[in-house]
Amino acid sequence: MPAASLVQLAEADAFRPDLRLARREALWALKGLRDEPLPLFAAASAREQKTVSEIHEPALALRPMTAGREVVEDYGHVGLTLRNHPLSFLRADLARRRILTCREAMQARDGRWLEAAGLVLVRQRPGSAKGVMFLTMEDETGAANVVVWVKVFEKFRRVLLSSSMLAVRGKIQREGEVVHLVAHQLTNLSGELASVGNRETPFPHPHGRGDEAHHGGPGIDPRSLPKGFRPRDLVDPTLKVDPIKVKTRDFR
């Protein structure tokens with residue numbers, strides 16, 4: 001099997017179930033593989049009639065990825081995840097902002113005003129709907145159906161068409177078993193979604209110690225880490241992490 005194919009399998013986390021190699025460990029192991037030996041080693045192998053390894057290095061224990069980073073990698077290479085839903089990492093923050101889950105929104109009484117948030121899965125703007133857009137968004141509890149009237153669409157056009165994650169404030173409309181959230185205000189939450197890669201489950205809130213100014217200033221205090229961690233194992237939470245790539249289906 002070509003080395004490039006093995007890398008793709010490792011990026012999709014395919015070696016974990018049977019070989020018990022996490023994504024990062026598998027990718028590190030594959031760094032030493034090549035489809036063809038380097039010329040110098042190939043010549044040495046031909047002369048000595050034996051296989052010459054290109055790389056000799058001791059076993060290395062790599063720091064595991066955060067739970068959020070694993071989810072980001074799943075979406076980037078597979079397009080979905082069997083781990084926790086991305087919004088589960090943000091639920092505490094959303095709850096503090098009184099943003100409901102999609103399930104709570106769809107179960108709310110007719111006429112109630114509320115705000116819900118989710119990943120944008122589908123945008124539909126049928127020609128027969130006279131400019132009305134129908135939106136489907138999803139969180140860890142399920143999906144919510146959103147109706148965006150023409151005036152709201154024009155007001156929030158950029159937010160609506162460019163956001164991977166949306167917060168929708170509006171009014172619940174019930175007609176029998178059909179439930180919609182009629183949008184009145186839309187907020188782009190793609191920035192919050194981009195922070196998932198740095199988060200664990202549950203997400204530890206940052207805190208400081210009274211004498212931290214004497215030990216490197218603000219940030220992660222090495223004394224608060226588990227025994228055995230080294231300074232080089234630390235990851236700065238402000239470092240840029242690739243956001244989750246949500247493949248939204250758009251129909252017009």
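The values are calculated or read from the model by the stated rules, or taken from the named source; none is laboratory data. Please read these numbers as outputs of a predicted model, since none were measured by experiment. Cβ sites come from the backbone with ideal geometry, for glycine too, and all protein chains shown count toward neighbours.
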Task: Single residue of region 71-88 satisfying the filter (under 9 Å from the mean Cα position of the chain (by Cα) and more than 12 Å from A12 (Cα to Cα)) that is surrounded by the fewest Cβ atoms within 10 Å (Cβ to Cβ) - done: H85
TODO: Would you check which residues across region 80-132 are polar (S, T, N, Q) and part of a loop (DSSP other than H, G, I, E, B) and list them?
DONE: T81, N84, T101
TODO: Tell me, yes or no, whether region 6-13 has at least one residue that is acidic (D, E), surrounded by fewer than 18 Cβ atoms within 10 Å (Cβ to Cβ), at pLDDT 75 or above and assigned by TED's automatic domain parsing to the domain that holds V178.
DONE: no
- [ ] Please determine, by comparing only the residues of region 146-165 that are part of a strand (DSSP E or B) and at pLDDT 95 or above, which one is surrounded by the fewest Cβ atoms within 10 Å (Cβ to Cβ).
- [x] V147
Task: One residue from R20, R24 being modelled with pLDDT under 90, surrounded by 10 or more Cβ atoms within 10 Å (Cβ to Cβ) and more than 30 Å from V159 (Cβ to Cβ) - done: R24
Open item on the list: When you scan region 100-118, do you find a residue that is among the β-branched types (V, I, T) and more than 17 Å from Q173 (Cα to Cα), even just one?
Closed with: no
TODO: Would you mind finding the one in R169, R174 that is over 27 Å from the mean Cα position of the chain (by Cα), surrounded by fewer than 20 Cβ atoms within 10 Å (Cβ to Cβ) and in contact (Cβ under 8 Å) with a residue 12 or more places away in the chain?
DONE: R174
